[in-house]
Amino acid sequence: MLSCHALSLDQRLHDIDGEWHTGQVTAILGRNGAGKSSLLHLLAGLLTPSRGCVTLRQRPLNAYSPATLAQHRALMLQDATPILGLTVTEVLETATFAKHRPPTPQQIERVLTELDLYPHRQRPHQHLSGGERAKVAFAHAVLQLRCSDATPRYLLLDEPCAALDLAAQEQLLQYCQQLAQQEQIGVVMVLHDLNQAMRYADAVGVLQNGRLVAYGPPQRCLTASQIHAIWQQEVVLLPHPQPPHRPIIVPTQTLSA
């Protein structure tokens with residue numbers, strides 16, 4: 001299991017304790033500047049905490065070599081930079097580390113098909129749109145984990161829907177649910193859309209001023225009063241007509257500062 005204990009980062013994060021489970025989707029929420037991306041980067045081992053620690057299977061992340069850690073977690077960053085000189089397929093072929101086995105042609109074809117990227121497989125990566133590059137980055141992270149026999153495995157996503165259109169957002173979030181449920185991958189993602197978190201997350205962690213102020217099922221953490229307290233926004237919660245019938249969050253009036 002991936003866990004953090006009294007995790008702090010300078011003035012950005014303070015004394016965060018938490019366990020991040022496999023087999024579920026967890027959304028990290030909060031206002032701009034709350035520390036969401038910093039927390040995700042700490043969980044990935046990209047940043048060094050000023051106090052506390054992140055552990056994987058009860059060992060600190062810095063006890064793992066980069067190659068070993070890469071077998072347990074894959075990270076999708078916000079910025080999907082164009083990669084010059086490589087096709088989409090060639091980019092996905094790089095989803096491997098050190099002694100780790102590379103993805104097979106069958107694995108690459110599967111993820112290309114599942115994410116509607118197959119028609120773009122021979123296109124130069126730098127010719128893709130921002131949304132298409134984001135989907136390739138997501139596919140790369142998925143392949144990295146599918147090439148691994150290690151347990152546990154975590155997919156860490158920093159605002160994965162930011163560059164995607166509505167249909168692509170729904171596709172990615174449903175795909176994340178399937179990864180969690182069918183492949184027992186722990187998906188931890190930073191989101192801004194509270195309705196997406198309500199509908200697709202099994203658990204949410206809410207940050208405020210660098211502190212974890214709520215953690216649990218979205219129906220319990222994203223009440224109208226909690227949203228008002230964190231986001232300074234009045235909302236009403238309406239019933240959703242389709243399963244799993246979680247509420248729809250509707251803004252009503254912006255409060256004066």
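The values are calculated or read from the model by the stated rules, or taken from the named source; none is laboratory data. As the structure is a computational prediction, the values presented were derived from the model and not from experiment. Because the Cβ atoms are built from the backbone with ideal geometry, glycine has one as well, and the counts that use them run over all protein chains shown.
If you go through the range 1-54 and pick out every residue that is assigned to a strand (DSSP E or B) and small (Gly, Ala, Ser), you end up with 7. Within the set LEU207, LEU194, LEU172, LEU166, the sole residue that is within 12 Å of the chain's Cα centre (by Cα) and within 27 Å of ALA80 (Cβ to Cβ) turns out to be LEU172. Here the range 201-213 is the region considered, the condition is being touching a Pro at 6+ places or on another chain (Cβ under 9 Å) and not in a strand (DSSP E or B), and the residue that is surrounded by the most Cβ atoms within 10 Å (Cβ to Cβ) is ALA201.
Of the residues screened, ARG12 is not one that is of a type in the set (Lys, Arg) and either closer than 25 Å to VAL111 by Cα or modelled with pLDDT of 95 or more (or both).
Of the residues making up the range 1-44, those that are free of Cβ contacts under 8 Å to residues at least 40 places away in the same chain and in contact with an Asp or Glu (Cβ under 6 Å, 6 or more places away or on another chain) number 0. Looking across the range 90-128, just one residue is exposed (fewer than 15 other Cβ atoms within 10 Å of the Cβ), under 18 Å from GLU170 (Cβ atoms) and of a type outside the set (D, E, K, R), and that is THR113.
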